[in-house]
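Contents: one structure, followed by commentary.
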Amino acid sequence: MQRLSFSRILLFLSALFITSVSFAQDNDIKGFVYEESTGEPVMFCNVFLKGTTLGCSTTENGYFNITRIPDGKYTLYITCVGYDTLTDPVSLSGGQTLNKKYTLKETSLTLETVSITADKVEARTETKTSVITVTPKTITKIPSVGGQADLAQYLQVVPGVIFTGDQGGQLYIRGGSPIQNKVFLDGMVIYNPFHSIGLFSVFDTDIIRNAEVYTGGFGAEYGGRLSSVMDISTRDGNKRHWAGKLGTSCFGAKLMLEGPIVKPKTNDDAAVTMVLSAKNSYLEQSSKALYKYASEDGLPFNYADLYGKFSINAPNGSKVNLFGFSFNDEVNNYKALSDFGWNSWGAGTNFLVIPGKAPVMIEGNIAYSSYLSTMKETNNPDRTSRIEGFNMGFDFSYFLGKNTLKYGIELLGFSTKYETYSNYGSYKIEAKNYATEIGAYVKYKASLGKLLLEPSLRLQYYASFTELSPEPRIALKYNVSDNFRIKGAAGRYSQDLVAATSDRDVVNLFYGFLSGVANLPSYYNGNKITSKLQKANHYVLGTEIDLTNDLTMNIEGYWKQFTQLTNLNRNKIYEDTQENSSISDLLKKDFMVETGDAYGFDLSLKYENKRWYFWGVYALGFVNRNYEKYENGNVNLISYQPHFDRRHNVNLILSYTAGDQREWEFSGRWNFGTGFPFTQVQGFYEFLSFQDGIYFDYTTTNGEMGIIFADLNQGRLPTYHRFDLDAKRKFFFNEHTNLEVDLGVTNVYNRANVFYVDLLTSETVHQLPIMPSLGLTLSF
């Protein structure tokens with residue numbers, strides 16, 4: 001029955017596409033908007049017909065499509081912040097379709113009136129619930145750590161996002177763990193986007209075109225994760241001339257090179273471009289000389305990232321991209337750890353097709369990626385985890401005047417291989433699985449006067465469990481006035497992947513991946529378990545208020561209801577064998593079921609004019625989990641807060657640009673967060689493994705130190721706060737060449753934030769101390 005339903009949805013989507021191509025009868029204007037200087041697409045600029053309500057914003061590829069235009073003569077306006085406004089007289093009649101290409105010239109003065117128009121048009125025409133759009137310009141607004149601006153540093157100030165620390169930091173979004181966050185890079189799945197030193201991601205800021213961060217309530221085009229999505233796209237490369245950046249700092253070095261392999265002579269010619277990025281860290285070496293006070297043995301965080309991309313652009317704007325990456329991370333013998341490292345690589349292609357007359361945009365991708373991580377500890381056995389596989393998808397966007405219909409299909413196939421031991425080393429967990437997921441979705445955006453309505457439906461099929469998950473979702477926005485808007489979103493989500501991470505890990509660098517986990521108890525809280533999938537529901541309600549022309553306030557309340565989660569079984573003491581068939585599942589299954597929820601609200605204030613930029617965020621959050629605990633022959637439901645539950649989080653950013661050429665920039669950031677939960681230690685004892693059974697001689701064998709833990713995560717670490725400052729100065733040599741000097745100080749007042757406490761020695765290990773840094777970047 002499930003397979004029949006899935007076949008029907010595929011047939012339905014195919015019929016939608018055929019119908020959309022066959023019945024396009026109205027006048028249309030479609031095309032692309034590019035930068036004059038580089039040939040790169042201009043995203044999110046406004047394209048509209050003066051004197052009408054017909055218009056749209058360009059996509060991340062610079063594409064626009066205005067449909068259902070009555071016969072007549074019009075003036076087409078293209079406006080975008082930082083560019084000169086462009087006008088073009090057009091005449092349409094008889095079901096005509098105009099294909100256009102426009103180039104915008106950067107202006108030396110940002111027109112305030114254009115800025116207001118651009119922001120307000122987007123706010124009124126997009127639901128924009130629980131989503132933040134990040135570009136390189138916004139990333140560079142915050143103080144750069146180590147002289148290098150990075151996406152990881154900016155994400156720490158996004159509403160609802162929690163980072164667990166400067167070292168070994170992980171990303172938690174509105175109560176979701178890292179494995180519940182799906183990350184795409186040009187359509188490829190990235191399994192670990194952050195390095196062990198939590199200040200840097202694998203992404204080079206200079207090649208990022210756009211990043212969409214969905215913290216909840218995302219639409220049906222995304223599936224397979226419970227909490228959030230981060231979708232990152234990179235630039236195609238300069239079509240006009242060869243260019244690049246060369247940078248060095250106290251932390252590492254980087255190189256970016258881009259340019260045309262086949263240079264177009266006019267805007268109507270084809271082009272082939274490339275972009276190449278390489279960056280690394282030499283902090284392990286530099287810290288021994290510059291930051292010896294931080295650690296006598298240095299800060300052993302090493303990484304090396306390489307990314308390359310070729311773009312083939314057709315005259316009509318259609319294009320094909322080929323890309324690949326290699327990301328590596330290594331931590332050598334640090335404190336309580338011995339060695340940890342991971343390497344990831346992948347390759348793929350994506351394409352954009354613009355049919356001749358049909359108001360349709362077709363996108364597709366196919367990619368393969370792999371991730372291998374290894375943990376070698378002094379007092380514990382080695383742990384390894386590998387996940388690798390492919391993902392492919394096709395998306396069709398059909399433009400219906402102010403409305404849009406989007407539908408598509410996604411296919412994923414991957415394998416996971418994992419090996420670890422229980423908390424006390426009493427049993428070994430080995431798992432190797434193959435998984436296939438198929439998703440199909442349809443999404444319709446309707447503009448109904450002041451109301452924007454965006455219902456969508458996803459069908460996600462998990463072959464490992466032969467289970468189909470129907471996932472209805474909806475987003476809406478009501479424009480009460482030009483300055484006040486109400487928005488909301490809701491949806492159902494599912495996931496297969498499970499993180500095999502111990503709750504007792506002092507430093508949580510290692511993150512294992514498991515799929516197809518079916519070794520679960522038959523019942524949870526007295527109810528029969530009928531599904532092996534992890535499931536969640538999202539509910540979001542918020543407002544947007546334009547307090548002044550330059551000041552905007554955004555408030556969102558959210559509730560993520562985790563109706564079923566899978567975790568390592570804390571109760572297990574027996575093997576799941578026939579001999580133990582009479583023993584409770586809670587004492588022998590490798591995994592257990594949990595439930596929980598995350599709720600709270602985020603408040604953000606944004607002020608921006610020609611010189612000043614302010615971004616303030618306050619987040620109040622509560623994260624709870626529930627699991628069954630076997631005690632004295634009874635099963636009790638226990639509630640606890642996971643280690644990433646942070647009650648209050650504050651981020652304040654202030655930036656000022658000075659100078660006639662805006663060559664100076666000063667910025668500061670202050671972050672405050674209440675303490676994370678941790679499990680306290682009650683005592684120690686001599687642990688005897690009895691690995692030889694009745695033949696084990698406990699009278700002559702020395703045991704290991706065992707730890708008696710208190711109740712799970714009942715303690716709280718001290719509050720975390722840090723103040724960073726940064727100053728940048730650009731020196732201009734000619735039109736294309738300049739040198740930027742970046743002087744920054746991380747943790748200005750040298751706050752001793754707690755990283756972790758060694759359970760055996762009670763030694764407190766702190767996060768990074770005050771660290772001044774200098775960075776130089778040559779752009780050419």
Cross-link reach from K588 to lysines, straight Cα distance under 21 Å and at least 8 residues apart if same chain, gives K428, K432, K528, K532, K572, K629
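Could you work out Rg/(2.2 N^0.38 Å) for the range 362-414, with Rg from alpha carbons only?
Details: Rg = 19.8 Å, N = 53, 2.2 N^0.38 = 9.9 Å.
With N residues counted in the range 362-414, Rg over 2.2 N^0.38 Å equals 1.99.
Give the peptides 148-157, 346-355 in descending order of average Cβ contacts within 10 Å, highest first. List each step's numbers first, then the result.
Values: 148-157: 23.0, 346-355: 18.7.
Those peptides, ordered most packed to least, come out 148-157, 346-355.
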Label Y695 and T75 with points 7 Å out from Cα along Cα→Cβ: what is the distance between them in nm? 9.5
The answer for the net charge of residues other than Q767 whose Cβ lies under 10 angstrom from its Cβ, with Lys and Arg +1 and Asp and Glu -1, is +1
Long-range Cα-Cα pairs in the chain (distance over 39 Å), rounded percent: 38
Taking only the alpha-carbon atoms of the range 444-543, the convex hull volume per residue, in cubic angstrom, is 178
Give the angle, between 0 and 90 degrees and rounded to the nearest 10, that separates the Cα long axis of helix 112-125 from the longest principal axis of the Cα atoms of the chain. 60
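Can you send over the carbon and sulfur percentage of the accessible area for the chain, probe radius 1.4 Å, protein chains only?
Details: 18100 of 32440 Å².
Percent of accessible area from carbon and sulfur atoms in the chain: 56.
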Let me spell out the model: positive unit charges on the Cβ of Lys and Arg, negative unit charges on the Cβ of Asp and Glu, origin at the Cα centre of the chain. What dipole size does that give, in debye rounded to 20? 2020
Any idea how far apart L372 and T737 come out in nm if each label point goes 7 Å out from Cα toward Cβ? 4.4
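Which of the peptides 216-225, 635-644, 656-665 is most tightly packed, and how do the rest follow, going by the mean number of other Cβ atoms within 10 Å of each residue? Don't skip to the answer; put the middle values down first.
Values: 216-225: 24.4, 635-644: 16.9, 656-665: 13.0.
The peptides rank, most packed first, as 216-225, 635-644, 656-665.
Counting only C-alpha contacts under 8 Å and six or more residues apart, can you give the relative contact order of the range 340-480 as a whole percent? Numbers along the way, then the final one.
Values: 337 pairs, mean separation 21.5, N = 141.
Computed value for the range 340-480: 15 percent relative contact order.
Which value in Å is the Kirkwood Rh of the range 132-221 over different Cα pairs? Please report the intermediate quantities before stating the final value.
Values: mean 1/r = 0.0740 Å⁻¹.
Computed over Cα pairs of the range 132-221, the Kirkwood hydrodynamic radius comes out at 13.5 Å.
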Quick test of your reading: applying the under-4.7 Å Cβ rule, which cysteines of the chain are isolated? C56, C250
Cα-based Rg then Dmax for the range 555-683, in Å, read 23.6, 81
Grab every C-alpha pair in the range 552-609, bin the distances at 5 angstrom width from 0 up to the longest one, and report whole percents. 4, 15, 14, 11, 10, 8, 8, 7, 6, 5, 4, 3, 2, 1, 0
Interatomic Cα distance distribution for the range 225-363, bins of 10 angstrom, percent: 11, 27, 27, 20, 11, 5, 1
Output the relative contact order of the chain, whole-number percent, from Cα pairs under 8 angstrom with separation of 6+ residues. 10
With a 1.4 Å probe and every protein chain left in place, work out the accessible area per residue of the chain in Å², rounded to a whole number. 42
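Evaluate the range 626-684: find the radius of gyration of its Cα atoms, find its Kirkwood radius, and give the ratio Rg to Rh. Kindly include the intermediate steps, with their values, before the conclusion.
Working: Rg = 23.2 Å, Rh = 16.5 Å.
So for the range 626-684, dividing Rg by the Kirkwood Rh gives 1.41.
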Just add up the charged neighbours of K406: K/R +1, D/E -1, any other residue whose Cβ is under 15 Å from the Cβ of K406. -4
Along the charge dipole of the chain, Cβ charges K/R +1 and D/E -1, which of L199, T764, V442 sits furthest on the positive end? V442
The chain - mean residue ellipticity at 222 nm from DSSP helices (-39,500 (n - 2.57) per run, n ≥ 4, rounded to 500): -2000 deg cm²/dmol
Counted charge near L739, where neighbours are those whose Cβ lies closer than 12 Å (Asp, Glu -1; Lys, Arg +1): +1
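Please compute the contact order of the range 473-620 in relative form: average sequence separation of alpha-carbon pairs under 8 Å and at least six residues apart, divided by the residue count, as a percent. Could the numbers behind the result be given before it?
Numbers: 299 pairs, mean separation 31.5, N = 148.
Dividing the mean separation by the residue count of the range 473-620 yields 21 percent.
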By average C-beta atoms within 10 angstrom, highest first, the peptides 130-138, 554-562: 554-562, 130-138
As I understand it, the dipole of the range 549-596 uses +1 on the Cβ of Lys and Arg and -1 on the Cβ of Asp and Glu, about the Cα centre. Which of G596, T552, Y574 lies farthest toward its positive end? Y574
Can I get the semi-axes of the range 237-282's equivalent ellipsoid? Compute them from the C-alpha gyration tensor as square roots of 5 times the eigenvalues, in angstrom, largest first. 30, 8, 5
Have a look at the range 287-388 and give its Rg and Dmax from the Cα atoms, expressed in angstrom. 21.5, 67
Scattering profile of the range 156-283 at q = 0.21 Å⁻¹ [log10 I(q)/I(0), Debye over alpha-carbon scatterers]: -1.21
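Strictly over 28 Å apart at the Cα level, which of K50/K319; K376/K417; K30/K730; K239/K730; K101/K487; K560/K606 would you flag in this model? Walk me through the intermediate numbers first.
On the way: K50/K319 30 Å; K376/K417 17 Å; K30/K730 39 Å; K239/K730 25 Å; K101/K487 34 Å; K560/K606 26 Å.
Correct reply: K50/K319; K30/K730; K101/K487.
The values are calculated or read from the model by the stated rules, or taken from the named source; none is laboratory data. All figures in this text were calculated on a predicted structure; none of them were measured in a lab. Virtual Cβ from ideal backbone geometry, glycine too; neighbours counted across all protein chains shown. With ligands, DNA and RNA removed, areas are computed over all heavy atoms of the protein, side chains included. Shrake-Rupley method; radii C 1.70, N 1.55, O 1.52, S 1.80 Å.
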